[in-house]
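Quick notes on the structure that follows.
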2 protein chains.
Amino acid sequence: MPEKNDVLIGRKPAMNYVLACITLFHGGADEINVKARGRAISHAVDVVEIVRRRFLPDVKVKNIDVGTEQMPPNEERSTPTNVSTIEITLGK
Amino acid sequence: MPEKNDVLIGRKPAMNYVLACITLFHGGADEINVKARGRAISHAVDVVEIVRRRFLPDVKVKNIDVGTEQMPPNEERSTPTNVSTIEITLGK
């Protein structure tokens, strides 16, 4: 369940998610969580680096967690598979 | 410059890097650094998760750093480009 200050990284261009992060901070958020699974993990790190280096230099990486989620079987796969996750907490 | 206990993640199968990590710990290392750039970042998280969940449950993620490196121009690109980096420190 996404929380209010979560940004879930998918396959859109990085700038879409960068803008989502900046909008949350400008709306008064003190902390936001950038979350991604699987191949989007690299993309999440790109988004965080662009936010803090190019747009909001006072924003710091407060915490990074990695983990594993089990994805249930679907039409393509008959067995559950594991997917890696990342959650990067940014704060002022 | 790679340090003694660094594992640099590239495009080989994850199990190659998992084995490299296990070998370093079995050889007496207390901490190892799993490093990756660009798209290999997702792969680095996969390697870390496999090491600690499947093979070495007493190994913990001690620290995670993300950053940006500037890659110089080469035959394919006439301008320098930025690439994201990750460094995950694992320890017993």
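The values are calculated or read from the model by the stated rules, or taken from the named source; none is laboratory data. These figures come from a predicted structure and were not determined experimentally. Counting neighbours? That spans all protein chains shown, and the Cβs are built from the backbone with ideal geometry, glycine included.
Quick notes
- Neighbours by Cβ (under 7 Å, 6+ apart or cross-chain): first from segment A:69-83, free of Cβ contacts under 8 Å to residues at least 12 places away in the same chain and over 17 Å from A:A36 (Cβ atoms); second of a type outside the set (G, A, S) and outside any loop (DSSP other than H, G, I, E, B): A:P80/A:Q70; A:P80/A:M71
- Residues of segment A:68-92 that turn out to be more than 12 Å from chain B (Cβ to nearest Cβ) and of a type outside the set (V, I, T), as a count: 11
- Being under 12 Å from the mean Cα position of the chain (by Cα), loosely packed, with under 13 Cβ neighbours inside 10 Å and under 16 Å from A:G38 (Cα atoms) is a property that B:R37 lacks.
- The residues in segment B:69-83 that are touching a Ser or Thr at 6+ places or on another chain (Cβ under 6 Å) and at pLDDT 95 or above can be counted, and the count is 1.
- Residue among A:N5, A:N33 that alone is in contact with a strand residue (DSSP E or B) (Cβ under 6 Å, 6 or more places away or on another chain) and more than 21 Å from B:T68 (Cα to Cα): A:N5
- Test: residue in segment A:52-62 that is within 14 Å of chain B (Cβ to nearest Cβ) and over 22 Å from B:Q70 (Cα atoms): yes
- Taking first residues from segment A:34-53 that are free of Cβ contacts under 8 Å to residues at least 12 places away in the same chain and partners that are of a type in the set (A, V, I, L, M, F, W, C) and crowded, with 21+ Cβ neighbours inside 10 Å, the Cβ contacts under 6 Å between residues at least 6 apart in sequence or on separate chains come to A:S42/B:I41.
- Filtered residues of segment A:3-15 (kept if surrounded by 14 or more Cβ atoms within 10 Å (Cβ to Cβ) and either free of Cβ contacts under 8 Å to residues at least 40 places away in the same chain or out of contact with any Phe, Trp or Tyr (no Cβ under 8 Å at 6 or more places or on another chain) (or both)): A:N5, A:D6, A:L8, A:I9, A:A14
- The condition (being away from every other protein chain (no Cβ under 14 Å) and surrounded by fewer than 14 Cβ atoms within 10 Å (Cβ to Cβ)) is satisfied by just one residue among B:D65, B:D30: B:D30.
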